[in-house]
Structures are given as structure tokens and as C-alpha cells.
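A short write-up of the structure that comes next.
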Amino acid sequence: MTGMPVHIDLYTQNMAFITLHINARLQLSSGAASFKINELRKELGEHSSAAIQDFLSDASLARFLRARNWNVQKASKMMKAAVKWRLAFKPENICWDDIAEEAETGKIYRADYKDKHGRTVLVLRPGLENTTSATGQIKYLVYSLEKAIMNLPEDQEKMVWLTDFQSWTLGSTPLKVTRETVNVLQDCYPERLGLAILYNPPRIFESFWKIVKPFLDHETRKKVKFVYSNDKESQKIMAEVFDMEELDSAFGGKNPATFEYNSYAEQMQEDDKKMGSLHSSTNSLLESAEKEANGADSDASSEASFYSGTDSPKHEDGEHSIHRKEERLN
């Protein structure tokens, strides 16, 4: 009996998880997946920004390709727009001090446990909204996403959203912020959502959901689960996904711990340092490589080449926004 050949080259090591995940879902051969990724990389070219170069990883290219059903041209257009957004919004530069006020009530935070698949868990409590700035709210969401992604284990690339609707009203989540949230997630973080649990949404949320639902494509909607504490069948979802000893008691688990601002601030500040070190290291490597090759090319020249023929992200009231509806999160 013969098995799959074991390749030990660096490229295959980087592709191992990606290709296995792809094969399981889309029945694409490892070779076909690698070919598509290489074609997309040719379309994108190199970039002088260390943060963007990190973003243009094989895993990231694979996610954008999956979001576009492996159409290289469509994935290229989507990814170039996402890079433009990152250059304008600079998510890698957002630090705790920039969003500390937004975090005070615990309306979004990363749980100190993962689900049974090793996925990072983001807890959202929209009923605890404490600011009125749409820009600040989106900035905090992006900050939380970046830190959640940074803390994913090596064999996992998706996260879980746990949304607690206690104290939520229609006024808690302005439609403008919701629309902007969907745009950023679908355009700039495709294939990052593994599961979204809406816990005890009030009846009035049904009207809100009818407005939001059309902005999500079919595959994304399948990842959204409604769970009610008084429904034994829907409660089974929680036991299937989480270790009930670790899960917050607010979601039916046995963990009595609650959000504690000061300790969370310390944790996020440590994450800021880690992210800063990662980008500094990448930047140094890029600078050395450029000097050895042909000297330091200008960022402007590189970006002009990278974006030729690509539309700029749209802006809404001075906020960076990309407007598309039918993108994939899962």
C-alpha cells in the first residue's frame, strides 16, 4: 500500500494546512491549489510595506481565492482592494491606547478559552455599547479581529463569534455601523469566520436581522446560529462547540468569570508588543533584501505598480469603506 509522498521542502510545509483544508472542502488537488496561488501571486507582485508583505502570505491568498471560488482575476481584484484598505486604515498600527475607551464596558473582547476546534473566540455584547463614534467602533472591531487572528493556533485560521444580546435594543447597533462592519469583514477578512452564535436575541431582533441578512451571502448565513437558553435543542450547539467548564456562565457554561477591564488591558498591551516585534522583524528582512537586490525602491512606485487598474476603496463620511454585498466570510 502506497501513501502520499512526504515533501519536506519549505514551500510544502507552508502549504500543508492550506491544501488539506482546501481538499476537504472544494475537492481541489494540492497541485491545482498551488497553481492557483502562484497565479494570484504573479498578479499581485511584491510590495514594499512589511505589513502588506505579511498580509500577502500563501494562506491569505488561499482565503481570497476560496472567497472567489478560485477565480484568480476576481480574487486579485478583491485582494488589491483589501490591500488599499489596509494601507489607508493601517490596522496593524492600531494600539490599545487608541481604542481603550471603546473597550471599557467589555462590548467586544477575546475570550480566554478557545472552542473545541482550537478557534479563537470573540465575545460581543452589543447591549453594552458605550460610544457614539462609528469610526471608533469600527477601529475597535478591527483591532479585536487583528488580535484574534494573531492568537490563532498554526493549524487554524477561523474564529468564533459569541454574541450576547442582554440589554440589546434597536438603538444599540446603528445600521450604518452594522453595514460598515459587514463590508470590512467580507471585503478584508474573507474566510475568517467559522461560526457566529447569536445568544438569546430578543424578538425585535428579527426585524433587524431581515435588514442585515441580504448583505450576507448564502455560505455566510449558514454559519450564523440562533441559540436560546430555554431551548434544549439549540443549547446542544453550545455543548458541541465548547467545553462547558470553560464557557462563560452567561452562555450556559460553568465559568463564572466576567470581563475585567484592567487585566484585559494588560493582555492587549502585551499583544501590541508582540505584533510590533513581528512587523519590525519582517521590515528588517525586507529592507536587507531590497538593498542586496537593487537598492531601496520607493513605496509610491511599488504601490502604483501594485494597484494599476484597481478602483480605490470608497469613503463614507470620511470613513474608509469598501462596498460589496455578496462576499464570503466562512
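Out of all the residues in region 217-228, is one or more of a type in the set (Asp, Glu), modelled with pLDDT of 90 or more, assigned to a loop (DSSP other than H, G, I, E, B) and surrounded by fewer than 19 Cβ atoms within 10 Å (Cβ to Cβ)?
no
Looking at region 230-241 only, could you name the residues that are more than 16 Å from Asn200 (Cβ to Cβ) and in a loop (DSSP other than H, G, I, E, B)?
Correct list: empty.
Given Pro190, Pro174, Pro201, which one is under 22 Å from the mean Cα position of the chain (by Cα) and more than 29 Å from Ala59 (Cβ to Cβ)?
Pro174
Can you tell me which condition Thr282 does not meet? The list is (1) hydroxyl-bearing (Ser, Thr, Tyr); (2) at pLDDT below 95; (3) over 24 Å from the mean Cα position of the chain (by Cα), and all the others hold.
(3)
Taking only region 169-219 into account, find how many residues are more than 30 Å from Lys77 (Cα to Cα) and aliphatic (A, V, I, L, M).
Taking region 169-219 as the starting set, the residues that turn out to be more than 30 Å from Lys77 (Cα to Cα) are 169-173, 197-208.
Filter once more, keeping what is aliphatic (A, V, I, L, M): 170, 197-198, 204.
Summing the residues that are more than 30 Å from Lys77 (Cα to Cα) and aliphatic (A, V, I, L, M) in region 169-219 gives 4.
For a quick check of your reading of the model, give me the residue pairs whose first member lies in region 168-179 and is within 11 Å of Ala134 (Cβ to Cβ), whose second is assigned to a loop (DSSP other than H, G, I, E, B) and among the acidic types (Asp, Glu), with beta-carbon atoms closer than 6 Å and at least 6 apart or on different chains.
Qualifying pairs under 6 Å: none.
For region 219-248, enumerate the residues that are within 30 Å of Arg66 (Cα to Cα) and among the hydroxyl-bearing types (Ser, Thr, Tyr).
Thr220, Ser234
Could you list all residues from region 57-86 that are out of contact with any Cys (no Cβ under 6 Å at 6 or more places or on another chain), among the aliphatic types (A, V, I, L, M) and buried (at least 19 other Cβ atoms within 10 Å of the Cβ)?
Leu61, Ala62, Leu65, Ala67, Val72, Ala75, Met78, Met79, Ala81, Val83
Which one is surrounded by the fewest Cβ atoms within 10 Å (Cβ to Cβ) among residues in region 162-204 that are among the aliphatic types (A, V, I, L, M) and not in a helix (DSSP H, G or I)?
Initial filter on region 162-204 (among the aliphatic types (A, V, I, L, M)): 162, 170, 175, 177, 182, 184-185, 193, 195-198, 204.
Filter again for not in a helix (DSSP H, G or I), leaving 162, 193, 195-198, 204.
Details: Leu162: 24, Leu193: 23, Leu195: 20, Ala196: 21, Ile197: 23, Leu198: 18, Ile204: 12.
The selected residue is Ile204.
Residue by residue through region 92-124, note down the ones that are buried (at least 16 other Cβ atoms within 10 Å of the Cβ), over 20 Å from Gly194 (Cβ atoms) and at pLDDT 95 or above.
Ile94, Cys95, Trp96, Ile99, Glu102, Ala103, Thr105, Gly106, Lys107
Is region 82-93 home to any residue that is polar (S, T, N, Q) and closer than 30 Å to Phe226 by Cα? Reasoning before the result, please.
Of all residues in region 82-93, those polar (S, T, N, Q) come to 93.
Retained after the next criterion (residues that are closer than 30 Å to Phe226 by Cα): none.
So far as region 82-93 goes, no, none of its residues is polar (S, T, N, Q) and closer than 30 Å to Phe226 by Cα.
Exactly one of these conditions fails for Ala265: (1) among the aliphatic types (A, V, I, L, M); (2) surrounded by 12 or more Cβ atoms within 10 Å (Cβ to Cβ); (3) modelled with pLDDT under 55. Give me its number.
Against the list (1) among the aliphatic types (A, V, I, L, M); (2) surrounded by 12 or more Cβ atoms within 10 Å (Cβ to Cβ); (3) modelled with pLDDT under 55, Ala265 comes up short only on (3).
The values are calculated or read from the model by the stated rules, or taken from the named source; none is laboratory data. If you're wondering where the values come from, they're calculated on a predicted model, not measured in any experiment. Every residue, glycine among them, receives a Cβ derived from its backbone with ideal geometry; neighbour counts consider all protein chains shown.
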